[in-house]
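Data block below; observations after.
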Amino acid sequence: MNRTTHIKEMIISGARRFGENIAICSGENTVTYSRLLLESRNCSSFLLQNLEHDSVNRIAIYMERKMDLCVSFYGILLSGFSAMILSHEIPPAQIFQIIRKYSPKAIIVDPTTMLRFKEGLKNYNVSVFVTNMEKFFDIQLISAKKPSRKNQEISAMAPDSEGVVLFTSGTTGERKAVSISHKNLIKTSKMANEFLAINKPKVELVAPPLFQAFGLRRVISNHLTGGTVIFEDGVFNPARALQIIRDFSCQGFSGVPAVFKIMDSSQSRYLRDIGSKLEYIITSAAPLSANEKKYLCEIFPKSRLYMYYGLTEAAISVFLNISEDQKKLHTIGKPSPGILIKVVNGCGLEIKNGQTGEIRVKGFNVADGYLMNHELTKEKFSDKWFKTGDIGRFDSDGYLELIGRKDEMMNIGGKKMYPGEIENYISSRYKNIDFAVTGIKERYLGEKPLFCYSQNTPVNNLLFSKILTDLKKEFEDYKVPREKLELLEIPRTTNGKVQRKRLKKILENKLTNEN
């Protein structure tokens, strides 16, 4: 395992080392490591029969079934192509935009996602493959140009070559396509195993979607050690998740923070029983307050709880052992092994512990850049340091505290304010309020903070007054929102992050209509 530097090596050595161990289980389908290699090779051979290697060697995947997605992903990489994994939640119109912009050689879909396209894909110069839902894994060619020559499976590929393209969530603008190498995928997944002290096969329910860096790396981490990955397709079902953990005697469970909140709200009665059986739990992709982390420890008293911070461009940059670092739950942890983190001021100079600035990351976890966006790549990936756009500060013990996003900064009469800082403080003291802090125009100061909350978690005047009293004890007066506003919902990504631009738009429309 330690010598593996390429996904192709991992799949081949996995079949040799773990053979009849179950690699993936989803619904009624189970796949051993031997069969995973066989089916991935069948997929690879079919692709090579119908496509040729040239200057464009990316194949897009757009499907709901996670098992088929895994086989497609491995098959694409075995054939020497790279995989562009698209969220099945993206509507067809946006998929067409992606195809126009990035021109993948082909796209693999399942029947469910194929129905969304209807005849639309015929208007694009892209080969279309569809999997067969009636069989475990079967791939068919819908439309393609025959290659001018017969391809052979590439026997050796550089670890630094592109393995996958993942898309950012687009919380602050257009989704960006991020190029990630085989070596990056392997080394970050190994690092996660080392931090979690996992060196033998485990059974893990992997809840995050595989189009996210978090979910994809959980699969790779398990397949490096001969572990079994359990999938559940469709909308997350908390009752079903608990049943899977019981039925399969899962030792591990990975999910975004929203998953645990959903489970607690509807299945709290049974959650604590499961908490005594799980060895480890991993969460990532969205922030948790200190109180929320403490509560997880209460629910899962015998589990090792971990959280890691990272972006699609720089995965697993910081680790936090929630179970052991009880005095540091307000932070996101310490830099991961082999990863350099620094906090810089507006001039790009590194600043002292305790001072607030932009977080920058350097190491093998940093992606190669953005596709077809040289200027942004040059701007964000500077001298091998990735500019995260996140604002934070180190404490005296080397733990990193996350404050907010640089592009979310509010300017209140020339003074800086990050809404995330206020949100983190409120979340740590008041549970079960779906809210966000944002800025609205103000005649003299230019902007002022506003407290918005969802109608599903109403905030009356008495509660709001209590929140303001607490805020005034902790923050400068100009940072405290004096007004509140009820909205139908607080727009969030699937990870639970506030969609700031969409929130601004909803707010503008509401205020315009009221006036």
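The values are calculated or read from the model by the stated rules, or taken from the named source; none is laboratory data. Given the structure is predicted, the values throughout are model-derived calculations rather than measurements. For neighbour counting, all protein chains shown are included, and Cβ atoms are generated from backbone atoms with ideal geometry for every residue, glycine included. SASA here: full protein model, heavy atoms, side chains in, ligands and nucleic acids out. Shrake-Rupley method; radii C 1.70, N 1.55, O 1.52, S 1.80 Å.
Placing a label point 7 Å from the Cα of residue 197 along the Cα-to-Cβ line, the residues of the stretch 297-322 whose backbone N sits under 14 Å from it are 302-306, 321-322.
Structure note, pairs 8/202; 327/387; 328/504; 183/302: Cα-Cα distances above 30 angstrom occur for 328/504; 183/302.
Under 18 Å of direct C-alpha separation, and excluding same-chain neighbours fewer than eight residues apart, residue 294 reaches these aspartates and glutamates: 264, 273, 279, 324, 325, 401, 423.
At the residue level, residue 511 shows approximately 60 square angstrom of accessible surface with a 1.4 angstrom probe and all protein chains present.
Under the combined filter of DSSP loop state and at most 13 neighbouring Cβ atoms within 10 Å, the stretch 276-305 retains these trypsin sites (Lys or Arg not before Pro): 302.
Basic side chains Lys and Arg get +1 at the Cβ, acidic Asp and Glu get -1 at the Cβ, and with that the dipole of the stretch 214-293 about its Cα centre reaches some 120 debye. Helix content alone sets the calculated 222 nm mean residue ellipticity of the chain: runs of n ≥ 4 DSSP H residues at -39500 (n - 2.57) each, divided across all residues, give -10500 deg cm²/dmol. Calculated FRET efficiency, residue 460 and residue 352, Cβ-Cβ r, R0 35 Å, to nearest 0.05? It comes out at approximately 0.25. Taking amide hydrogens as placed 1.01 Å from N in the peptide plane, the amide H of residue 318 sits under 5 Å from those of 309, 336, each at least 5 positions away in sequence or on another chain.
Across the stretch 490-505, coupling constants 3J(HN,Hα) worked out from phi with the 6.51/-1.76/1.60 Karplus curve, θ = phi - 60°, read 9, x, 9, 7, 5, 7, x, 6, 5, 8, 4, 5, 5, 4, 4, 5 Hz, and Gly and Pro carry x. Positive end of the dipole of the stretch 434-510, charges at C-beta (+1 Lys, Arg; -1 Asp, Glu), about the Cα centre: which of 451, 485, 440 has its Cα farthest in that direction? Of 451, 485, 440, it is 440. Each Lys and Arg adds +1 at its Cβ and each Asp and Glu adds -1 at its Cβ; summed about the Cα centre, the chain shows a dipole of about 420 debye.
Accessible surface of the chain, 1.4 Å probe: 48 percent of it comes from carbon and sulfur atoms.
Distance between the pseudo-spin-label points of residue 415 and residue 384 (7 Å out from Cα toward the beta carbon): 4.2 nm. Annotation for residue 28 and residue 96: the two label points, set 7 Å from Cα along the Cα-Cβ direction, are 3.7 nm apart. Take the stretch 402-515 with all the other protein chains still there, run a 1.4 Å probe, and you get 57 Å² of accessible area per residue. Which one is right for this structure if P(r) over Cα pairs in 20 Å bins from 0, in percent is calculated from it: (1) 22, 55, 22, 1; (2) 20, 49, 27, 3, 0; (3) 19, 40, 23, 12, 6, 1? Matching entry in (1) 22, 55, 22, 1; (2) 20, 49, 27, 3, 0; (3) 19, 40, 23, 12, 6, 1: (1).
Computed about the Cα centre, the dipole magnitude for the stretch 428-501 is approximately 120 debye when only Lys and Arg (+1) and Asp and Glu (-1) carry charge, each at its Cβ.
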